[in-house]
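Scroll down for the structure; my scribbles are underneath it.
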Amino acid sequence: QVQLVESGGGLVQAGGSLRLSCTASGTISRINVMGWYRQAPGKQRDLVAVISSGGLTNYSDSVKGRFTISRDNAKNTVYMQMNSLKPEDTAVYYCKVVTARSISWGQGTQVTVSS
């Protein structure tokens, strides 16, 4: 079983930056994809960014050029640097980790961007 611990959320003014982290622990086989999703109140959970084991990345159009996803395979950790934050980025951000045997979600971390 894989456990995920997220950190880095908070309150920031528009134009500011935050860095999210998510570390996987437990019984871990090879981690394939790591990613971040977000869910705003009353909306569905949407993909923000994902990164493969080889470092290939994919971003939602709304964050391209502002967010950067990266990972440290030795630490089983995925990061997301969020710059030029906008009020519409306000949401709960969830980490997702896919291994050969499981799909795991973090508990979520709140990101609030004030105008």
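The values are calculated or read from the model by the stated rules, or taken from the named source; none is laboratory data. Please read these numbers as outputs of a predicted model, since none were measured by experiment. All Cβ positions, even for glycine, are placed from backbone atoms using ideal geometry, and neighbour counts span all protein chains on display. All accessible areas refer to the heavy atoms of the entire protein, side chains included, with ligands and DNA or RNA removed. Shrake-Rupley method; radii C 1.70, N 1.55, O 1.52, S 1.80 Å.
Only Cα pairs within less than 10 Å get springs; with that Gaussian network setup on the chain, which residue of 90, 27, 99 has the largest fluctuation?
27
How many nm is it between the label spots at residue 75 and residue 88, if each spot is 7 Å from the Cα in line with the beta carbon?
Each label point lies 7 Å from its Cα, and together they span 3.2 nm.
Under unit Cβ charges (Lys, Arg +1; Asp, Glu -1), what dipole magnitude, rounded to 20 debye, does the chain have relative to its Cα centre?
Using only the charged Cβ atoms, the result is roughly 180 debye.
Check the straight Cα-Cα distances from residue 64 and name the lysines below 17 Å, setting aside those fewer than 8 residues away within the same chain.
86
Which percent of the accessible area of the range 1-108 is formed by carbon and sulfur heavy atoms (probe 1.4 angstrom)?
Reported share for carbon and sulfur atoms: 48 percent.
With every protein chain kept in place and ligands, DNA and RNA left out, what is the accessible area per residue of the chain? Probe 1.4 Å, answer in Å².
It amounts to 52 Å² per residue over the chain.
Within the range 49-115, report the trypsin sites (Lys or Arg not before Pro) that DSSP leaves as loop and that have at most 15 other Cβ atoms within 10 Å.
64, 66, 101
Can you list the aspartates and glutamates whose alpha carbon sits under 20 Å from that of residue 43, skipping same-chain ones fewer than 8 residues off?
The qualifying aspartates and glutamates are 61, 88, 89.
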